[in-house]
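Note sheet for the following structure.
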Ligand SMILES: Cc1ncc(COP(=O)(O)O)c(C=O)c1O
């Protein structure tokens, strides 16, 4: 019998291994700065092909440190996407930088490289060191934050080329993309710095938590110091050599992370199967578009987001799903239209039409590693009914 109590949007995938791992930490006196976070970092580093890994208290904390590490300063422009979770852009504001948004590709939903190329070629000049300056604003283009949205990798090649040609460092926001592949290579291994997140709706969780990775020792050292109150590396406890934060990951979270990492391959496989089943069942449903996956991409499924046809009333559909006990969310509202972004920068509707059109039509359906096939079937049936009831098809 199908449990119809509710189909939640997301659920962590935890077993007795995770419970035991956390309980074991509680039996020791080391709840922070003990052996577990180092072990988690070592495991993650190995998974990322040897890039240095620095465990932090959240993805947002990691992105903040990344923005500082690549040297974003007050007034600097940072190229990024308006179609993302707000923190990929907020971290620029933390350093009094300015997000320079470009519209997205309507298939991958990631930043459209063509628009960024166009801007760099036509709207920037070089300073004495060859770095790009925005001609109109007279400001430095200091970095790019590329977000692998929903676990679909960004088309990295053109961005890597821009990064080389214009000397702009890339920060990869891989918070949603652990295990995704771009042309066979892991997302998070391209940028100078990359960041992952482990909130409970992510592929693996540590409760709250994140991981920064970099291939540069100098950056790793700086990020480790900033994570821990700006401490110097001479071993003296209260020796602070720079502005730092408390962005440390605690031992309980790290223990959870280790247990989850051991299951990562199995988790990614299960999520793949769930997405496949959704896509297969939805191919019969009119008015709904399943997520696009580029031929060069291996998706790491973070969420399962469908697009409704323009004339379908999304709010009504979501209400009907809700009545059937199914959680869903409009993912993502555009960042530039958030009230405080409008206020700060004067953004308006129409500024990024592709992002806005996608944002009006997307719905995240229940998606998590333990989601049973019967529930997927139920969600799709109810979605189909809701669309038919709306009289659109
Ligand atoms: C694209 C993106 N960036 C950044 C974050 C921030 O991660 P956290 O919630 O761990 O701070 C998230 C998490 O939801 C995200 O989806």
- Message: All but one of (1) over 20 Å from residue 86 (Cα atoms); (2) touching a helix residue (DSSP H, G or I) at 6+ places or on another chain (Cβ under 8 Å); (3) surrounded by fewer than 21 Cβ atoms within 10 Å (Cβ to Cβ) hold for residue 322; state the number of the condition that does not hold.
- Response: (2)
- Message: Only one of 74, 95, 129 is in the same structural domain as residue 186 (by TED's automatic domain parsing), closer than 30 Å to residue 249 by Cα, surrounded by fewer than 24 Cβ atoms within 10 Å (Cβ to Cβ) and out of contact with any helix residue (DSSP H, G or I) (no Cβ under 9 Å at 6 or more places or on another chain). Can you tell me which?
- Response: 74
- Message: touching a strand residue (DSSP E or B) at 6+ places or on another chain (Cβ under 9 Å), part of a helix (DSSP H, G or I) and outside the structural domain of residue 80 (by TED's automatic domain parsing): is that true of residue 331 in this structure?
- Response: no
- Query: Looking only at the range 68-86, which residues are more than 17 Å from residue 154 (Cβ to Cβ) and within 12 Å of the ligand (Cβ to nearest atom)?
  - Reply: 86
- Task: Return the residue satisfying two criteria in turn: it lies in the range 149-181 and is without any contact (Cβ under 8 Å) to a residue 60 or more places away in the chain and crowded, with 24+ Cβ neighbours inside 10 Å, and of such residues it is farthest from the chain's Cα centre (by Cα).
- Result: 154
- Query: So which of 27, 68, 51 is in contact with a strand residue (DSSP E or B) (Cβ under 8 Å, 6 or more places away or on another chain), in the same structural domain as residue 134 (by TED's automatic domain parsing), modelled with pLDDT of 95 or more and surrounded by fewer than 24 Cβ atoms within 10 Å (Cβ to Cβ)?
  - Reply: 51
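Between 197, 254, which is farther than 22 Å from residue 88 by Cβ, within 20 Å of the chain's Cα centre (by Cα) and not assigned by TED's automatic domain parsing to the domain that holds residue 371?
Exactly one of 197, 254 is farther than 22 Å from residue 88 by Cβ, within 20 Å of the chain's Cα centre (by Cα) and not assigned by TED's automatic domain parsing to the domain that holds residue 371, namely 254.
Every residue, every condition in (1) within 28 Å of residue 92 (Cα to Cα); (2) in contact with a helix residue (DSSP H, G or I) (Cβ under 8 Å, 6 or more places away or on another chain); (3) in a loop (DSSP other than H, G, I, E, B); (4) not assigned by TED's automatic domain parsing to the domain that holds residue 279, yes or no:
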residue	(1), (2), (3), (4)
293	no, no, yes, no
317	no, yes, no, no
350	yes, yes, yes, no
356	yes, yes, no, no
364	yes, no, no, no
376	no, yes, no, no
381	no, no, no, no
- Of the residues in the range 51-65, how many are closer than 16 Å to residue 192 by Cα and within 11 Å of the ligand (Cβ to nearest atom)? 3
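The values are calculated or read from the model by the stated rules, or taken from the named source; none is laboratory data. The model shown is predicted, which means the values in this text are computed figures rather than measured ones. Quick reminder, even Gly has a Cβ in these numbers, built from the backbone with ideal geometry, and neighbours come from all protein chains shown.
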